[in-house]
Structure formats: C-alpha cells, structure tokens
1. Can you tell me how the stretch 21-112 classifies by the Cα gyration tensor, rounded, prolate or oblate, using a/c under 1.5 as the rounded cut?
2. Summing Lys, Arg as +1 and Asp, Glu as -1, what charge do residues with Cβ under 14 Å from the Cβ of residue 106 carry, residue 106 excluded?
3. What does the accessible area per residue of the stretch 26-71 come to in Å², with a 1.4 Å probe and no ligands, DNA or RNA counted?
4. Between residue 79 and residue 29, with labels modelled 7 Å along Cα→Cβ, what's the label distance in nm to one decimal, could you check?
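The values are calculated or read from the model by the stated rules, or taken from the named source; none is laboratory data. Everything numeric in this text was worked out from a predicted model, so none of it was measured. All Cβ positions, glycine included, derive from the backbone under ideal geometry; neighbour counts span all protein chains shown. Please note that ligands, DNA and RNA were not included when accessible areas were found on the heavy atoms of the full protein model with its side chains. Shrake-Rupley method; radii C 1.70, N 1.55, O 1.52, S 1.80 Å.
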Amino acid sequence: MELKYIVPDIEKTFGAMNFLGHNRDRFQYDRVNNRRTDVLEARVYNLGSSGQGGQIEVTIPGEVELKELDFNEPVELVNPMITSSAQANGNFATVRWTVTADDIASLKSRSASTGSNSVKTLNGSGDEKK
C-alpha cells in the first residue's frame, strides 16, 4: 500500500479558519530550458487556523480565480489534502507538510445566501419572545 496523501478531519485538524491573504503565485518550471514559464500552476494563500494555533499555507490550483476576501473573514477548505515530502541531510531529514485544496469558500457569503441566522428565544412558558 502506498500512502499518497492524508484527508484530514477538517474540524479537528484546522478548527476555525480565517482568511489572511494571498501569499504568492507558483508557475510551472521548464526543466528542458531550465527556467520558469508564465503558466500559472497554483496560488498559495495564508489562513489563520485555531486548530494549528497559527498561520497555515494552503495551495489552490491555478484554474481557480484569485480570492479577494476580507482580512480575517471566516473560510473553509473544499476537499483538503495533506501531503509530505522529505529532504535527507546526512543522518537527518527535513519533512515539509503541504496543505492543498480544490478551493477556499467564504463562510460569510454562505450565511448571507441561506438567510439570517435569527435566534428564537423562549420565555418561561415555552412561548416565543417578541
């Protein structure tokens, strides 16, 4: 069995996530000519994660349009995966964990499209308060 990637339990692994901004674009590399091309491969965004206790980088495919969300806006990941790579250095190795997802979705726009989240309060007799 070959382990290619990990599908995390989103709530336990990341907790609440907030959009912190666009970090960088990643372009395809032409190994024959030994230089970078102008073909967009992916975009990397910074998210705040309560589950990780800080900032995480998330890579989204280049086909997805640029995310221009408000700073600290609540977001969620669409189909996240975690991959790892290791670089040997003598008797040691450095492991790098990479979070990729199909998209980043705003929770703010989702709650606006589903209507207001009004909370009904009941008084002591079980009737709704006005």
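1. Working: a/c = 2.67, a/b = 1.36, b/c = 1.96.
Note, shape of the stretch 21-112 comes out oblate.
2. Details: positive: 67, 108, 110; negative: 65, 68, 70, 73, 76, 103.
Charge balance in the 14 Å sphere: -3.
3. Numbers: 3170 Å² over 46 residues.
Per residue, the stretch 26-71 has an accessible area of 69 Å².
4. 2.6
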